[in-house]
């Protein structure tokens, strides 16, 4: 029954116009960035590389598909949580507002199975959004700019990755990015079980991300102990795959923290929804 | 599922905080019954209905459907139950067909497009299947509610106030649908309603609950026929006194009394009506109308007041 209801949940998600808002917004933004980089990419990149030009010489196709994909992902991955929360924050509260949750509760499916179905469908949507962002960015950028070595500027300096060494990093990075986004989806579904309207959980999810990000950014000693445990601290850990050598231990730690958050959000959702008054 | 008792409720009790919504409700619904579930506002009808459908957990008592306990066989039982709790709600952004498809799937039924179309035809929405529910009137939603209750071919249909908010035309449509379910598909139906005339017309058995307790349960016609009923006699203003005198002489126990210049009321047994009619004609009393007042309404008020 859980898979049948998950299928139902996917049908509901696909029937809502808001589900396409994220896909549309991402596609337009990717197109805009590609257009901008095509028009003026070389000068933008040379502005960054100019600081190294006294000691390094850059030859070949520096402004290539791999670099532009990396730039797009860096710019957009920050905004995708909002698009995910827009859909997942409505999964339970939207049904409570419409009254359909009462109809579901009179069917041969337990409340825990209903919530599990919502997490499965929310996860599927999040996966789709992540893949869409990754595939569209990478595919279109390869077509428009061609392939080439990837130059990444991070806190340790400049990292140059061979073209043939990049694809697996994108794939692994998108897996971790999916986990981060699914944490956001889990949070918004969890908040959705407490609410009777859609706006509340969406705003609350974004407010939580904002709050945790600010805490993570503030250079205050008192927050140092909690920073490693905030999920927002690990949301950009997909970037670690573009370091050389790859810090697998850090990535593993990020995955564990994100998974713990997901488990906590699912558990709280189950408890909350099983206690929720859905009779009126 | 071959037990004759489709629903057995024994000493059901449910408390919300300090408020005892249901104190001691017991009744039995047999296979093929159209069972009227009556009670004044706040009597505990909806709470009982919600307990039957496991929307809320009772504090005490037993509920068994098809001979199985709801507590231990919930999902198995609910596969055979269709329901409307007050107003049915749907995914407004989906079509009627798609809504039914979702409800069928979650009920464990493998309904084909043909099955869905047949149900839509049955409730009179055959031509509206592809339309989104957001454009449906209240009456159409109520009919679609009946369709979703039937989509998985349940043996028991629970209808809690299915005519709430409907206009007279809508009430008649829903009543006819219920009658067709009884006659064509021999479904067991439990029906709560404030429309006592509806229950009287449709139900064969009923229970009246009051202040959280069962007041009376039994066969509708037997219960009603065991009582004297009020008959309204409409004549001309000049003949009213003669009618009262005539009734007093022949039915001294019936306390005939004038309720309007040309109308009197008299309490007699159902089988005395032909005698009354004959008497009035023989005494040349102009008879404009002779009709029994709604029986269940009186019976309900008497039971609840008692």
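For the stretch B:58-103, what is the convex hull (Cα atoms) projected area averaged across all directions, in square nanometres? Each step should come with its number before you reach the end.
Values: hull surface 18.5 nm².
Computing the convex hull of the Cα atoms and averaging its projections yields 4.6 nm².
At what distance in nm do the modelled label points of residue A:227 and residue A:143 sit from each other, each positioned 7 Å from its Cα along Cα→Cβ?
Inter-label distance under the simple model: 4.2 nm.
Let me know the mean shielding of B:43-50 by other chains, meaning the per-residue number of their Cβ atoms within 10 Å of its Cβ.
On the way: counts 0, 0, 0, 2, 1, 0, 1, 5.
What the average comes to for B:43-50 is 1.
Using Cα pairs under 8 angstrom and six or more residues apart, how large is the relative contact order of chain A, in percent? Don't jump to the answer; show the numbers that get you there.
On the way: 327 pairs, mean separation 70.3, N = 280.
Here the relative contact order equals 25 percent.
Taking the Cα atoms only, what angle lies between the long axis of helix B:113-122 and the longest principal axis of chain B, rounded to 10 degrees?
Rounded to the nearest ten degrees, it is 10.
Taking each residue of B:106-114 in turn, how many C-beta atoms of other protein chains fall within 10 Å of its C-beta, and what is the average? If you can, show how the numbers build up before the last one.
Values: counts 13, 6, 5, 0, 0, 0, 0, 0, 0.
Mean partner-chain Cβ count within 10 Å for B:106-114: 3.
If you take every DSSP beta bridge whose two residues both sit in the stretch B:5-224, what share of them, in percent to the nearest 5, is antiparallel? Please list the in-between numbers first.
Details: 22 of 41 bridges.
In the stretch B:5-224, approximately 55 percent of DSSP beta bridges are antiparallel ones.
How large are Rg and Dmax for the stretch B:167-214 when calculated on the C-alpha trace, in angstrom?
Cα-based Rg and Dmax for the stretch B:167-214 come out at 12.0, 36 Å.
Mind jotting down the three principal axis lengths of the stretch A:227-280 based on Cα atoms? Whole angstrom, largest first.
So the extents along the principal axes, rounded to whole Å, are 57, 17, 15.
Counting only Cα atoms, I'd like the Rg/Rh figure for the stretch B:28-98, Kirkwood definition for Rh.
Reported Rg/Rh (Cα atoms, Kirkwood Rh): 1.01.
Volume per residue, Å³, of the convex hull around the alpha-carbon atoms of the protein assembly as shown? If you can, show how the numbers build up before the last one.
On the way: hull volume 121.1 nm³, N = 586.
Per residue, the Cα convex hull of the protein assembly as shown comes to 207 Å³.
Per residue of B:86-92, what is the mean number of Cβ atoms on other protein chains within 10 angstrom of that residue's Cβ?
5
Most mobile of B:41, B:284, B:186 per a Gaussian network model of chain B (Cα springs, under 10 Å)?
Maximum fluctuation in the GNM of chain B, among the listed residues, is at B:284.
Output the peptides A:178-190, A:244-256 sorted from most to least packed, where packing is the average of other Cβ atoms within 10 Å over each peptide's residues.
A:178-190, A:244-256
Relative to the longest principal axis of the C-alpha atoms of chain A, give the angle of the C-alpha long axis of helix A:167-192, reported between 0 and 90° and rounded to the nearest 10°.
30 degrees
Please give the calculated 222 nm ellipticity per residue for the protein assembly as shown, where each DSSP H segment of at least 4 residues contributes -39500 (n - 2.57) and the sum is spread over every residue; nearest 500 deg cm²/dmol? The partial results should precede the final answer.
Values: 22 runs with 306 residues, N = 586.
So the helix-based figure for the protein assembly as shown works out to -17000 deg cm²/dmol.
Can you tell which of A:68, A:226, A:101 shows the greatest fluctuation in a Gaussian network model of chain A with Cα springs below 10 Å?
A:226
Return the FRET efficiency for the residue pair residue B:4, residue B:75: r is the Cβ-Cβ distance, R0 is 30 Å, and the value is rounded to the nearest 0.05. Before the final figure, lay out each step's value.
Numbers: r = 23 Å, r/R0 = 0.77.
Given R0 = 30 Å and the Cβ-Cβ separation, E is 0.85.
Over 18 Å apart: what share of the alpha carbon pairs of the stretch B:152-306 falls there, rounded to a whole percent?
Working: 7809 of 11935 pairs.
Summing the P(r) tail past 18 Å for the stretch B:152-306 gives 65 percent.
Need the full-extension length gain, residue B:20 to residue B:179, defined as separation in residues times 0.36 nm minus the C-alpha distance. One decimal, nm. Walk me through the numbers before you get to the answer.
Working: separation 159, 0.36 × 159 = 57.24 nm, distance 3.46 nm.
53.8 nm is the gain from fully extending residue B:20 to residue B:179.
Obtain the nm distance between the two label points defined at residue B:270 and residue A:124 by a simple spin-label model: each point lies 7 Å from its Cα along the Cα-to-C-beta direction.
Each label point is offset 7 Å from its Cα along the Cβ direction, giving 5.6 nm.
Mind computing the radius of gyration and Dmax over the alpha-carbon atoms of chain A? Å is fine for both.
20.8, 72
Using only Cα atoms and rounding to the nearest 10 degrees, what angle (0 to 90) does helix B:138-150 make with the longest principal axis of chain B?
Roughly 60 degrees between the two axes.
Starting from the 7 Å offset along Cα-to-Cβ, what nm value, one decimal, do you get for the label separation of residue A:267 and residue A:244?
Between residue A:267 and residue A:244, the simple spin-label model gives 4.2 nm.
Going 7 Å from the Cα of residue A:111 in the Cα-to-Cβ direction, what parts of the stretch A:248-280 have a backbone nitrogen less than 15 Å from that spot?
Zone members listed by number: A:267-280.
Quote the Stokes-Einstein diffusion coefficient, in whole µm² s⁻¹, for the stretch B:5-224, based on the Kirkwood radius over alpha carbon pairs, a temperature of 10 °C and a viscosity of 1.306 mPa s. Kindly include the intermediate steps, with their values, before the conclusion.
Values: Rh = 17.6 Å.
Reported coefficient: 90 µm²/s.
Which of B:240, B:258 has the fewest other C-beta atoms within 10 Å, and how do the rest follow up to the most? Write down the numbers at each step before the final one.
Working: B:240 19, B:258 13.
Listed from fewest to most nearby Cβ atoms, that is B:258, B:240.
Rank B:122, B:35, B:27 by mean-square fluctuation in a GNM of chain B with C-alpha springs under 10 angstrom and give only the top-ranked residue.
Of the options given, B:122 has the highest mean-square fluctuation.
No value in this document is a laboratory result; all are computed from the given coordinates. Predicted model only: the values in this text are computed from it and were never measured. Virtual Cβ from ideal backbone geometry, glycine too; neighbours counted across all protein chains shown.
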